[in-house]
1. Condition test on Leu251, is it surrounded by fewer than 23 Cβ atoms within 10 Å (Cβ to Cβ) and more than 10 Å from ligand 1 (Cβ to nearest atom)?
2. Would you check which residues across the range 308-325 are of a type in the set (Phe, Trp, Tyr) and over 26 Å from the mean Cα position of the chain (by Cα) and list them?
3. Only one of (1) of a type in the set (Phe, Trp, Tyr); (2) within 14 Å of ligand 2 (Cβ to nearest atom); (3) farther than 30 Å from Asp157 by Cα is not met by Trp290, so which one is it?
4. Return the total of residues in the range 183-206 being more than 7 Å from ligand 1 (Cβ to nearest atom) and within 27 Å of Val310 (Cβ to Cβ).
5. Among the residues of the range 230-264 satisfying the criterion of being among the β-branched types (Val, Ile, Thr) and within 17 Å of Tyr337 (Cβ to Cβ), which is farthest from ligand 2 (Cβ to nearest atom)?
6. Being within 13 Å of ligand 1 (Cβ to nearest atom) and polar (S, T, N, Q) is the filter here, so list the residues in the range 96-143 that pass it.
7. So Gly126 passes all but one of these: (1) over 21 Å from Tyr63 (Cα atoms); (2) in contact with a strand residue (DSSP E or B) (Cβ under 7 Å, 6 or more places away or on another chain). Which condition number does it fail?
8. Within the range 135-163, how many residues turn out to be under 19 Å from Ile175 (Cβ atoms) and either in contact with a Phe, Trp or Tyr (Cβ under 7 Å, 6 or more places away or on another chain) or small (Gly, Ala, Ser) (or both)?
Amino acid sequence: MKDFTYYAPTEVVFGRDSEAKVAQMIRKYGGTKVLVHFGGKSAIQSGLLPKICDQLSQAGIPYVALGGVVPNPRLSMVHKGIELCKKEGVDFLLAVGGGSVIDSCKAIAYGVPYKGEVWDLYLGKGKPKTMLPLGCVLTIPAAGSEMSESSVITNEDGGIKLGYSNNLSRPKFAIMNPERTFTLPPYQTAAGVTDMMMHTMERYFTKDDDMNVTTALAESLLREMKQAIFPVLKDPEDYRYRAQIMWAGSLMHNGLTGCGISDDWATHQLEHELSGMFDVTHGAGLAAVWPSWARYVMHKNLRRFVRFAVEVMDVPNDYTDPEGTAEKGIQAMERFYHAIGMPINIKELIGRDIKDGEIKEMVQKCSRGGTRTCGQLKVLKAEDMEAIYQMARG
Ligand code: NZQ
Ligand code: ZN
């Protein structure tokens, strides 16, 4: 078992009409001039954004608004936000949206006090001493950024998507009203659940399998999400199951399901090249890669893959054939992905055959020209990454 620090400082305000507390929360965490950051149309159309802006005006909290964050949020928007915050004297950022908006907010919040170029942090070339505080009103349970220490930004120059993690960036508060997720289309709902499950699976498939409490938490969250998705695909306004999914999304990525074990993250790193190159939805990209990754690495801890098959995917345990049981678990996951409208390979993800040259480019980027490995369960070198992308091409 690994020693660990569990740090999850974000204040969560959960439930119907919880967004009515936004002004109160901003004051609590010292905001006096706010950047309200949001995405495309969803937060305007649902009336959430106007409601929040009215509330800030009524509370006498000055704000500037900056919309237009796209999925796989762009560095150019981050630069725009930094400039605006400096010009307007912003001292608090409010993200109204999902992972992309929150991540864009985190990058802006680093960039305002940072002396150099903010992209250097994502390149691993700098470390911030401080950043502006931020809070969020979550509208899609998926990325888990509302409680996580990470943010992921895409530099349009070269389609390079990089993450940066620092505990400074954990939001001060996260406001979560499950009703705000009623408008999510089925594809985004399913991709969100796929992503949150993967945040826990990246931690579950580990060499250190002697932390039973963490394992039990992970398995029950995974089982619950496997069930909860179907009622909301049938009835998008099913509050009870929207609420399970929203809360699970935070718990599955705030560090709880990683306590005492080493995490892997290879599927995420392989996926980031797919969404960097093809601008696909992150959760769908994960579903396209995971089955191939799992088959490639399962012998590194077969017992764990058998346990996953039995405890999470309800596969009967064939004690005479652990490999067969593990494989049935992966197949059951593929059937689950298909049942919720997710792809299980790259062809299904991008709608055409991927070219060998595109795979080579992704390997080059993912391995940083052969200088970086990824994963823990099996440490993947460039040739392993290429083998997995080839297996996943479909
Ligand atoms: O832009 P709008 O119109 O708001 O539409 C969004 C967007 O098109 C829509 N949407 C959001 N809430 C909605 C809604 N549509 C209807 N009703 C609502 N209530 O959903 C689309 C996707 O939004 P996005 O914010 O991109 O989704 P998600 O939360 O999945 O974030 C994905 C990003 O997070 C990164 C991913 O790589 C990707 O860039 N990740 C961030 C992590 C972190 N910071 O810890 C970890 C993750 O592994 C992930 O890598
Ligand atoms: Zn993710």
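The values are calculated or read from the model by the stated rules, or taken from the named source; none is laboratory data. Computed from a prediction, not measured in an experiment: that's the story for all the values here. Glycine gets a Cβ as well: all are built from the backbone with ideal geometry, and neighbour counts include every protein chain shown.
1. The answer is yes for Leu251.
2. Matches in the range 308-325: Tyr319 only.
3. (3)
4. Total meeting the criteria: 13.
5. The residue in question is Val232.
6. Scanning the range 96-143 gives Ser100, Ser104, Thr139.
7. (2)
8. Selection size over the range 135-163: 7.
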